[in-house]
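What follows is one structure encoded as structure tokens, with my remarks underneath.
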Amino acid sequence: MQHNVSLRNLNTFGLESRAQSFEEVKSVGALTAIIKNPELRGTPKFILGGGSNILLTQDIDALVIKISIKGIEKVKEDDDHIWLHVGAGEMWHDFVMYCVDNGYAGVENLSLIPGTVGAAPMQNIGAYGVEVKEVVETVETISSEHAEPKVFSNEECRFGYRESIFKHELKGKCIITGVLFRLNKKPVYHVAYGDIQKTLEEMGVQTLSIKSVSEAVISIRKSKLPDPAEIGNAGSFFKNPEIPEEQYNRLKSDFPALPGYPASPSFVKVPAGWLIEQAGWKGYRDGVIGVHARQALVLVNYGGGSGEEIKLLSQKIQQSIEEKFGIRLNAEVNFI
Ligand code: EPU
């Protein structure tokens, strides 16, 4: 176990924060041993995955446990599907590439999303018309207090838009150690999302394949989203708000260009990136932090910024969106 460890390279925002103590675990057995260790019983524990969806605003007075449980294993298959068991510590994009290379469909639209496999069900990651809940069969966990194993069925995970039981009722109570995925051997392509269709055409793709869809997604993401290795960020900072139809119609008369997509019954999902851009924040820079110039939904740390500064900027944005549109933006990123 290490003490007073910098987490700067373990969060995609690249924020400085120190862990009181730190341990990396490579197996469920090692994780269980830490939780059951009587000497560590009273020690608060903080679980870290890929660090791609957190805003570290302070030091962490806890034992930070980095989950590095690896492995992709074929569990069973039939004519239509293949079931893969994947360790929570595998990098999400490496798993996607494994599926693309082997011809297993279902996650190609989720190419190049930063973070780990274990974090994917936590916030039901999604992009370009696909959410991970569509391919999750079960999620394996152990309880944070006594290391009791529990397997959650897809239904029990209560997935929603960037939501799951692990972000709410079970927050801090259980640790995801592995995920069982059911992938398709007979691909069903999701290319309706505007940008994908256009990009596939630009790429000159005549016949769709898992690989071409993945390549289109990668190309779109690279063109819009900053690479965390170059500019610190955590992807979309806010969730796209869902507003009542009535409110949407009222706003639409004031802002005729306001985009909207059908959400739950009588609600309309509005792109937060559009609202933030209209409020004049796109490309805004204050010293070493700011709003990305190509995607207003992404807050960035150009280097040396603090979590506190980014939090303050996010609050200013929230306030300005509330004043201009009467819409409350909620963060997608977890504040620590
Ligand atoms: N838009 C603007 N200005 C901007 C950004 C967006 O006007 O600066 C408007 C445009 O009208 C555009 C629409 O917003 O057509 C949608 O933009 P985009 O396709 O870039 O998607 P998004 O709604 O901003 C969501 C996810 C992303 C995901 C993309 C693609 C959320 C919070 N974000 O973003 O997920 O990659 O769709 O499916 O739902 C993430 O969660 O970290 C993430 C990157």
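The values are calculated or read from the model by the stated rules, or taken from the named source; none is laboratory data. Just so you know, these numbers come straight off a predicted model, no measurement behind them. Neighbour counts are summed over all protein chains in view; Cβ atoms, including those assigned to glycine, are modelled from backbone coordinates with ideal geometry. Note: areas computed on protein heavy atoms with side chains; ligands, DNA, RNA excluded. Shrake-Rupley method; radii C 1.70, N 1.55, O 1.52, S 1.80 Å.
For the stretch 25-41, the criterion of a residue being over 18 Å from the mean Cα position of the chain (by Cα), surrounded by fewer than 22 Cβ atoms within 10 Å (Cβ to Cβ) and closer than 30 Å to Gly304 by Cβ is satisfied by no position.
Within the stretch 232-248, does at least one residue satisfy the condition of being in a helix (DSSP H, G or I) and not acidic (Asp, Glu)? Yes, the stretch 232-248 contains at least one residue that is in a helix (DSSP H, G or I) and not acidic (Asp, Glu). Within the stretch 166-201, the set of residues being within 16 Å of the ligand (Cβ to nearest atom) and either loosely packed, with under 15 Cβ neighbours inside 10 Å or of a type outside the set (A, V, I, L, M, F, W, C) (or both) comprises Lys167, Tyr189, His190, Ala192, Tyr193, Gly194, Asp195, Gln197, Lys198, Thr199. Within the stretch 139-163, residues that are open to solvent by less than 30 Å² (accessible area, probe 1.4 Å) sit with their Cβ atoms under 7 Å from residues that are within 16 Å of the ligand (Cβ to nearest atom), at 6+ positions apart or across chains, in these pairs: Val139/Pro121; Cys157/Pro121; Cys157/Ser164; Gly160/Asn124. Apart from one condition, Glu215 fits all of (1) more than 24 Å from Cys99 (Cα to Cα); (2) within 16 Å of the ligand (Cβ to nearest atom); (3) of a type in the set (Asp, Glu); the exception is (1).
When restricted to residues that are surrounded by 16 or more Cβ atoms within 10 Å (Cβ to Cβ), closer than 18 Å to Glu309 by Cα and of a type outside the set (Ser, Thr, Tyr), the stretch 277-286 contains 2.
If you go through the stretch 75-89 and keep only what is surrounded by fewer than 21 Cβ atoms within 10 Å (Cβ to Cβ) and either in contact with a Lys or Arg (Cβ under 8 Å, 6 or more places away or on another chain) or within 24 Å of Ala30 (Cβ to Cβ) (or both), you end up with Val75, Glu77, Asp79, Asp80, His81, Ile82, Trp83, His85.
Are any of the residues in the stretch 221-230 hydrophobic (A, V, I, L, M, F, W, C), exposed (fewer than 15 other Cβ atoms within 10 Å of the Cβ) and more than 14 Å from the ligand (Cβ to nearest atom)? Checked against the condition, which is being hydrophobic (A, V, I, L, M, F, W, C), exposed (fewer than 15 other Cβ atoms within 10 Å of the Cβ) and more than 14 Å from the ligand (Cβ to nearest atom), the stretch 221-230 yields at least one hit.
Determine, yes or no, whether Leu251 is aliphatic (A, V, I, L, M), outside any helix (DSSP H, G or I) and farther than 23 Å from Val100 by Cβ. For Leu251, the condition - aliphatic (A, V, I, L, M), outside any helix (DSSP H, G or I) and farther than 23 Å from Val100 by Cβ - is not met. Please specify each residue of the stretch 114-137 satisfying the condition of being surrounded by fewer than 24 Cβ atoms within 10 Å (Cβ to Cβ), of a type in the set (A, V, I, L, M) and either touching a residue at least 60 places away in the same chain (Cβ under 8 Å) or within 12 Å of the ligand (Cβ to nearest atom) (or both). Correct list: Ile125, Ala127, Val130.
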